[in-house]
Amino acid sequence: MENTINITLKVWRQNGPKEKGRFETYKLANVSTDSSFLEMLDMINEQLVNENKEPVAFDHDCREGICGMCSLYINGRPHGPDDDVTTCQLHMRKFKDGQTITIEPWRSAAFPVIKDLIVDRRAFDKIIAAGGYVSVNTGGVPDANAIAIPKVDADEAMDSASCIGCGACVAACKNGSAMLFVSAKVSHLALLPQGRVEGARRAKAMVAKMDELGFGNCTNTGACEVECPKNISLSNIARLNREFLSAKLQD
Amino acid sequence: MSNLLTASIGRKLLMSVSGLFLILFLFVHLFLNSFLLLDGVFGFERGQMFNAGVHFMGTNPLIKIIEPVLALGFILHIVYSLILTLQNMKARGPQAYASGKKTSGVEFASQNMLVLGIVIASFLAVHIINFYMKMKGFIAWEAGEVEFPFLGNMAKGEDAYSLVNATFKILPIVILYVVGSVALAFHLSHGFWSGFQTIGWNNTKWMPRLKCISNIVAIVLGGGFAVIALAQYLFF
Ligand code: HEM
Ligand code: SF4
Ligand code: FES
């Protein structure tokens with residue numbers, strides 16, 4: 001049997017980057033507990049459109065936890081009350097009947113609000129463009145036994161590569177720091193032979209871009225690691241520090 | 001090496017190195033303070049061990065060199081803590097989350113390093129006026145002259161022990177020392193492992209180890225200073 005709940009939403013509305021924002025309150029009835037959080041937002045938007053009001057703008061794309069587009073700070077936590085999921089993977093069964101749900105955009109000086117719940121996360125793209133890649137085309141897939149890679153390194157590289165660039169780490173951080181994101185990007189390349197070659201240059205370029213864009217200084221509070229939907233480990237930050245400091249020492 | 005200190009990680013490196021250096025100093029300091037309680041254990045007369053220790057510190061040329069380095073360490077650590085915190089507040093932006101912060105499992109200390117640091121700094125100011133300024137002759141005090149065994153002979157020096165003992169008979173000062181020590185313990189419960197993380201000495205294996213050592217360092221240093229002040233008040 002399907003369960004439904006009635007909820008109240010407190011949603012951040014802001015017409016544009018320069019406009020003053022405010023919270024608006026909406027009531028939504030008969031939300032299936034099997035629906036996803038974004039489906040619930042689709043319902044509220046349908047309701048708003050039917051009332052001839054402007055729908056709530058929010059980011060989303062894949063709706064299966066792989067693209068990193070969805071964001072939303074829900075009831076005090078990035079990606080909401082569930083652990084290790086993105087907002088699009090969040091189920092309405094995590095909420096109670098009659099509950100008020102507060103929805104805010106990511107808050108960080110480097111992620112300004114574009115409209116309502118959508119923030120400008122191009123700062124992350126700029127950091128990637130500064131060095132988060134391997135600069136030469138390395139051709140076809142070589143034999144798996146051509147270059148031996150320790151299993152631990154391969155596993156850690158895969159784990160760091162699972163960062164989807166959602167920005168929850170920045171949203172959760174009291175310092176507005178992007179170190180978890182940058183360290184994941186530096187790590188997954190630094191741990192494998194092809195990426196290793198440009199390791200020093202990459203660490204310097206990406207950190208310089210991160211600083212230039214106004215992200216904060218990491219003090220290792222670890223809120224990022226808790227809220228990261230992909231469980232990116234804080235130990236990546238130690239690796240980034242290591243990469244960056246040894247690169248600087250060589251100059 | 002160029003412009004290392006204009007980078008966020010470079011600024012953090014300064015915080016870390018200065019902080020870890022201060023921890024090293026605190027261990028030496030605590031070792032000396034423990035003499036305040038140990039006369040009875042080693043069969044010395046009241047205050048002899050501590051006075052000998054103070055005499056050693058006051059006459060040793062190495063200490064004369066370390067002293068300005070230590071002052072520099074404090075100044076760097078405090079100045080950079082302010083710069084970093086201001087930059088971080090700016091990076092965070094002015095808008096607070098209306099629904100608060102409900103992220104679980106974040107250390108209290110890690111979120112309040114500046115406040116804890118300010119408590120330590122206030123304590124430090126009182127501490128310097130209480131003892132350092134007097135023992136260094138910036139503030140007049142009844143130094144007295146006592147004899148104590150020193151490197152196999154008997155030596156004469158000022159009676160620092162009585163100054164410390166008299167100071168620790170004043171309840172508000174003892175309370176201040178305990179508060180300062182507790183703030184220090186919290187600061188170090190995060191600061192120690194964070195300092196290693198900052199210089200890059202961490203990975204998934206070392207994380208639990210460093211956090212464990214961090215708590216031990218915090219308890220030994222914070223608890224040590226507090227217990228010595230309390231014991232002086234109660235039993236000496
Ligand atoms: C004996 C005194 C002190 C010791 C031993 C000490 C030690 C440390 C250590 C080891 C760290 C970690 C550095 C890192 O993460 O890279 C740290 C961080 C910090 N300290 Fe101190 N500290 C002391 C006093 C102070 C004072 C007086 C202040 C401020 C007025 C202060 C403010 C801070 C701040 C804001 C941080 C940054 C948090 C972080 O990066 O983790 N500290 N301290
Ligand atoms: S590190 Fe985690 S929280 Fe940060 S951008 Fe990547 S996936 Fe999102
Ligand atoms: S919409 Fe793609 S990760 Fe949520």
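The values are calculated or read from the model by the stated rules, or taken from the named source; none is laboratory data. Because the structure is predicted, anything quoted here is derived from the model rather than measured. Don't worry about glycine lacking a Cβ; one is built from the backbone with ideal geometry, like all the others, and counts go over all protein chains shown. In case anyone asks, the SASA skips ligands and DNA or RNA and just uses the protein heavy atoms, side chains included. Shrake-Rupley method; radii C 1.70, N 1.55, O 1.52, S 1.80 Å.
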Condition set open to solvent by 70 Å² or more (accessible area, probe 1.4 Å) and away from every other protein chain (no Cβ under 12 Å), scope segment A:5-24, selection nearest to A:Met92 (Cα to Cα): answer is A:Asn6
Tally the residues that are assigned to a loop (DSSP other than H, G, I, E, B), away from chain B (no Cβ under 14 Å) and either open to solvent by less than 50 Å² (accessible area, probe 1.4 Å) or more than 8 Å from ligand 3 (Cβ to nearest atom) (or both), restricting the search to segment A:68-91.
-> 5
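Looking at A:Glu198, A:Glu156, A:Glu225, which one is within 16 Å of ligand 1 (Cβ to nearest atom) and acidic (Asp, Glu)? Don't jump to the end; show me each part of the working.
Working: A:Glu198 fails: within 16 Å of ligand 1 (Cβ to nearest atom); A:Glu156 fails: within 16 Å of ligand 1 (Cβ to nearest atom).
That would be A:Glu225, the only listed residue that is within 16 Å of ligand 1 (Cβ to nearest atom) and acidic (Asp, Glu).
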Are any of the residues in segment A:125-138 open to solvent by less than 10 Å² (accessible area, probe 1.4 Å), assigned to a helix (DSSP H, G or I) and in contact (Cβ under 8 Å) with a residue 40 or more places away in the chain?
-> yes
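Check B:Ser16, B:Ser34, B:Ser104, B:Ser81 and return the single one that is within 28 Å of B:Ala185 (Cβ to Cβ), over 26 Å from the mean Cα position of the chain (by Cα) and more than 16 Å from ligand 3 (Cβ to nearest atom). Let's see the steps before the verdict.
On the way: B:Ser16 fails: over 26 Å from the mean Cα position of the chain (by Cα); B:Ser34 fails: over 26 Å from the mean Cα position of the chain (by Cα); B:Ser81 fails: over 26 Å from the mean Cα position of the chain (by Cα).
Only one candidate qualifies: B:Ser104.
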Which condition does A:Ser35 not pass, out of (1) surrounded by fewer than 22 Cβ atoms within 10 Å (Cβ to Cβ); (2) within 13 Å of ligand 3 (Cβ to nearest atom), if it passes all the others?
-> (2)
Give me a count of the residues in segment B:94-126 that are farther than 30 Å from A:Ile103 by Cα, touching a Gly at 6+ places or on another chain (Cβ under 9 Å) and either open to solvent by 60 Å² or more (accessible area, probe 1.4 Å) or acidic (Asp, Glu) (or both).
-> 1
Residue in segment B:52-75 that is free of Cβ contacts under 8 Å to residues at least 40 places away in the same chain and within 27 Å of A:Met210 (Cβ to Cβ) present | no
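Residues checked against (1) more than 16 Å from ligand 2 (Cβ to nearest atom); (2) among the aliphatic types (A, V, I, L, M); (3) open to solvent by less than 70 Å² (accessible area, probe 1.4 Å):
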position	(1), (2), (3)
B:Asn3	yes, no, no
B:Phe31	yes, no, no
B:Glu45	yes, no, no
B:Phe56	yes, no, no
B:Lys64	yes, no, no
B:Leu72	yes, yes, no
B:Leu76	yes, yes, yes
B:Leu82	yes, yes, no
Would segment B:132-152 turn up any residue that is part of a helix (DSSP H, G or I), surrounded by fewer than 21 Cβ atoms within 10 Å (Cβ to Cβ) and among the hydrophobic types (A, V, I, L, M, F, W, C)?
-> yes
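If I filter segment B:5-29 down to residues being within 18 Å of A:Gln250 (Cβ to Cβ) and out of contact with any Phe, Trp or Tyr (no Cβ under 8 Å at 6 or more places or on another chain), which single residue comes out as surrounded by the most Cβ atoms within 10 Å (Cβ to Cβ)?
Here is the first cut: in segment B:5-29, the residues within 18 Å of A:Gln250 (Cβ to Cβ) are B:5-7, B:9-10, B:13.
With the extra rule that they be out of contact with any Phe, Trp or Tyr (no Cβ under 8 Å at 6 or more places or on another chain), the set shrinks to B:5-6, B:10, B:13.
Details: B:Leu5: 12, B:Thr6: 10, B:Gly10: 18, B:Leu13: 22.
Selected residue: B:Leu13.
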Could you say whether any residue in segment B:87-97 is within 29 Å of the chain's Cα centre (by Cα) and more than 7 Å from every other protein chain (Cβ to nearest Cβ)?
-> yes
Which ones in segment B:173-213 are open to solvent by less than 30 Å² (accessible area, probe 1.4 Å) and of a type in the set (Phe, Trp, Tyr)?
-> B:Tyr177, B:Phe192, B:Trp193
